[in-house]
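In what follows, a structure is listed as structure tokens, so that the remarks can point back to it.
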Amino acid sequence: MTTAVLLQALGLVLDPYVLLVIFCSALFGLFVGCIPGLTATMATALLVPITFFMPPVPAVAAIVTATAMAIFSGDIPGALLRIPGTPASAAYTDESYRMTLKGQAELALGAGLVFSAIGGLFGTIVMILFSPALAEIALKFSSFEYFWLVVLGLAGAVFIGNASVLKACISLLLGLLIACIGLENPAAHPRFTMGLPQLMSGVELIPMMVGMFAISELLRYITNMDPPAVIAVNKIGNIFSGMWDLLRKYRWPLVRGSALGTIIGIQPGSGADMASWMSYAMSKKFSKEPEKFGTGHVEGIVESGAANNSSLAGAWIPAIVFGIPGDSITAIAIGVLYLKNMNPGPMIFVNNPENIYAIFLVFILANIIMIPLGWLTVKIATKILKVARNILMPTILLFCIVGSFAINNSVWGVVLILFFGLAAFVFEENGFPVAPAILGVVLGTMMEENFVTSMIKSDGDPWVFFTRPIAMWLALATFVILLWPVFTWAVNKLRGQPA
């Protein structure tokens, strides 16, 4: 990174308009994460229609900031209501709620805030250090390597972190089927358009994701008949008291959680949810006081909180360098990057270096301002959590409809969000994950184009996919992931254990 590029990036980030966007997005992310049921992914999806009218840097800055804030603020209803605001907070919700019942709400919320910010900065540093190096390696990739990289990402999304592999496969295949719709294929032949001219250019990614993540949550709220929860505490004291002692006592769990979260974030299809659960389990396994877990012990919150936000930055590494989303949030972000002509891939460091380093600086700034704004949110949390859901949800629905209409000034966008919202609701109610479908849509076209290009290059010889050195190793990694369930089933069978 040259000094000139850094100064350009600083100029882009310190622009008053960009700073205002970051501040407003931070408040929006904190608010959305605080409301149980409104996930960080939903916050991202709701921002997309607004980013359509922004320049590239503030558009991406809005997504980065809102996501980081929402992941943290999901801890607040978990500690006060025993309801995680986002799925990433679910791993240690019981732990933090028990601390609140013991009169330690300030300690639980303070640990969630401080260590989320530190974990986010850790992941950002890793992203800054390794993304350019990976981009140099990626410049050596041809269509053969990109094909295996996409297949590897799809395989990881299905076989890692999903309870039912079969249901995840069905979801992925539906996503790949949707990616086939339209004229945008190597043969330029209309497929599955059903005679609708609106489908000639394929299914628009942004309305689809807004529907699957926002409208489905609204439908889930409508069908939820559970009574509202009661806040466990009405006043929050000094949340920073004792943080320095926690930092000294749990410095290694902090490093372990941050590193694990970043690594998991890099793996396509994993995301903050999986990072949180795995880091909490690891914290308990390596703790000197494992018997305290589940009784209101802060150690698990320290490690999982750091893993949450570090995974966000980790997920951007494959998204920026290879154009492969690390999670559903970066899948949405990739759509925004394409809209802004910042096509992800190794050449982005050549074509748009100042924009990429501006995004890196936004990550740093977002995790720094998380401390004061998070403190303010915690202070007024008891009031935010009393917002009437029957007022909030219709407002969100109106926002989704207006935003989807505004993308192309067409009712077709509204039809798409309603259709995919209903489909996602039915899917999730029956245990089918939505994330593999989104990844299938994002990566399906890339996989097909690279496969067809490779077959043309090789004159129809499929063995070339296995003879190039990098492609061979990527193929090996893909087959290991694909065959791992079969291997574990065979081992369990030989041992006489249930599959």
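Read the figures in this text as sums done on the coordinates, not as results from a lab. Remember, predicted model here, so these are calculated numbers, not experimental data. No Cβ is skipped: glycine too gets one built from the backbone with ideal geometry, and neighbour counts run over all protein chains shown.
At-a-glance table
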{"item": "Evaluated at q = 0.06, 0.10, 0.12, 0.13 Å⁻¹: base-10 log I(q)/I(0), Debye formula over Cα of the chain", "result": "-0.27, -0.76, -1.11, -1.30"}
{"item": "Filter on Lys102/Lys284; Lys235/Lys292; Lys292/Lys379; Lys102/Lys292; Lys288/Lys379; Lys102/Lys379 - keep pairs with C-alpha separation over 23 Å", "result": "Lys235/Lys292; Lys292/Lys379; Lys288/Lys379"}
{"item": "Integer Hz, Karplus 6.51/-1.76/1.60 couplings in order for the range 244-257, x for Gly and Pro", "result": "5, 5, 5, 4, 6, 6, 10, 5, 6, x, 5, 5, 4, x"}
{"item": "Mean residue ellipticity (222 nm) of the chain, computed from DSSP H runs ≥ 4 via -39,500 (n - 2.57), nearest 500", "result": "-23500 deg cm²/dmol"}
{"item": "In Å, descending, principal axis extents of the Cα set of the range 294-371", "result": "52, 23, 18"}
{"item": "Sequence-separation-based contact order of the range 253-393, relative, with Cα cut under 8 Å and 6+ spacing, percent", "result": "23"}
{"item": "Ordering of 452-462, 65-75 by packing [mean C-beta count within 10 Å, highest first]", "result": "65-75, 452-462"}
{"item": "Burial ranking of peptide ranges 356-364, 327-335, 111-119, 17-25 (average Cβ count within 10 Å, highest at the top)", "result": "111-119, 327-335, 356-364, 17-25"}
{"item": "Net charge over other residues, Cβ less than 12 angstrom from the Cβ of Phe427 (K, R count +1; D, E count -1)", "result": "0"}
{"item": "Backbone N within the range 295-313 under 13 Å of label point (7 Å from Ala133 Cα along the Cβ vector)", "result": "none"}
{"item": "Relative contact order %, the range 3-496, counting alpha carbon pairs below 8 Å whose residues are six or more apart", "result": "28"}
{"item": "Options Pro344, Ala315, Thr382, ranked by Cα towards positive dipole end of the range 292-384, top entry (Cβ charges)", "result": "Thr382"}
{"item": "³J(HN,Hα), Karplus 6.51/-1.76/1.60, whole Hz, each residue of the range 117-124, x for Gly, Pro", "result": "5, 5, x, x, 5, 4, x, 5"}
{"item": "Asp327 long-range amide H proximity, modeled H, under 5 Å", "result": "Gly269"}
{"item": "Whole-percent pair-distance distribution, where bins are 5 Å wide, for the alpha carbons of the range 267-398", "result": "2, 9, 13, 14, 15, 16, 15, 10, 5, 2, 0"}
{"item": "Globularity ratio of the range 1-82, using Cα Rg and 2.2 N^0.38 Å", "result": "1.24"}
{"item": "Estimated vicinal HN-Hα couplings, Hz - the range 275-287 in sequence order (Karplus 6.51, -1.76, 1.60; Gly, Pro = x)", "result": "4, 5, 5, 5, 5, 5, 5, 5, 4, 5, 5, 9, 5"}
{"item": "Cβ crowding within 10 Å averaged over residues, with 347-355, 484-492, 147-155, 279-287 ranked highest first", "result": "147-155, 279-287, 347-355, 484-492"}
{"item": "Overall form of the range 439-479 per C-alpha gyration tensor (a/c, 1.5; a/b vs b/c)", "result": "oblate"}
